[in-house]
Amino acid sequence: MRVRGRAWKLGDHITTDHIIPGRLKYKVRTLEEMRRYVFNDLIPGFGERVRPGDVIVAGRNFGYGSSREHAARLLKLVGVGAVVAESFARIFYRNAINVGLPVVEAKIEVEEGDMMEVDLSTGTVRNLWKGVEVLFRPFPPVIMEIIKEGGIEAYFSKHGRFPWE
């Protein structure tokens, strides 16, 4: 399974409030409405500018903060194909897998807008414009099945069981 898209470069310590501000919790009722606010404080208009398959490339501790699943779900909803970061907050990492958003721990040289390719099967992240490639530990088969189906709910709906059963 491959993801290919433009790089959106972020730094270290991106919180779930950076992804979707908590202050919107009672102002915006649906995920569809929240789309326009994804990364709005960091990248105004991101929700409208992101294209399907685009890749977030970040530093350390991506997704720390509150345990709201909305953050991972909204990244997937707006079209983010994968998040590549040096490290992830554990709860965000788990939420991302649960909603079928590939999250990869790797450090790669990137500039905003570079064309990226994440190959989940081989454990390779490539910056196609710079000719740089790094390896990451591929997901275990059970995680790959969840991601391929679009998340744990979609997997269960299709198969009537969890992949580890």
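The values are calculated or read from the model by the stated rules, or taken from the named source; none is laboratory data. The model shown is predicted, which means the values in this text are computed figures rather than measured ones. Cβ placement follows ideal geometry from the backbone for every residue including glycine, while neighbour counts extend to all protein chains displayed.
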- Query: Can you spot a residue in the range 96-108 that is without any contact (Cβ under 8 Å) to a residue 60 or more places away in the chain and either touching a Cys at 6+ places or on another chain (Cβ under 6 Å) or under 15 Å from R35 (Cβ atoms) (or both)?
  - Reply: yes
- Would you point out the residue of the range 7-26, among those that are surrounded by 18 or more Cβ atoms within 10 Å (Cβ to Cβ) and over 14 Å from A58 (Cβ atoms), that is nearest to the chain's Cα centre (by Cα)? I20
- Item | Hey, E111 outside any loop (DSSP other than H, G, I, E, B), surrounded by fewer than 19 Cβ atoms within 10 Å (Cβ to Cβ), in contact (Cβ under 8 Å) with a residue 60 or more places away in the chain and of a type in the set (D, E) or not | no
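Let's see how each residue does on (1) assigned to a loop (DSSP other than H, G, I, E, B); (2) surrounded by 18 or more Cβ atoms within 10 Å (Cβ to Cβ); (3) at pLDDT below 85:
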site	(1), (2), (3)
V28	yes, no, yes
R36	no, no, no
F39	yes, yes, no
L42	yes, no, no
E48	no, no, no
G53	yes, no, no
V57	no, yes, no
R68	yes, yes, yes
L74	no, yes, no
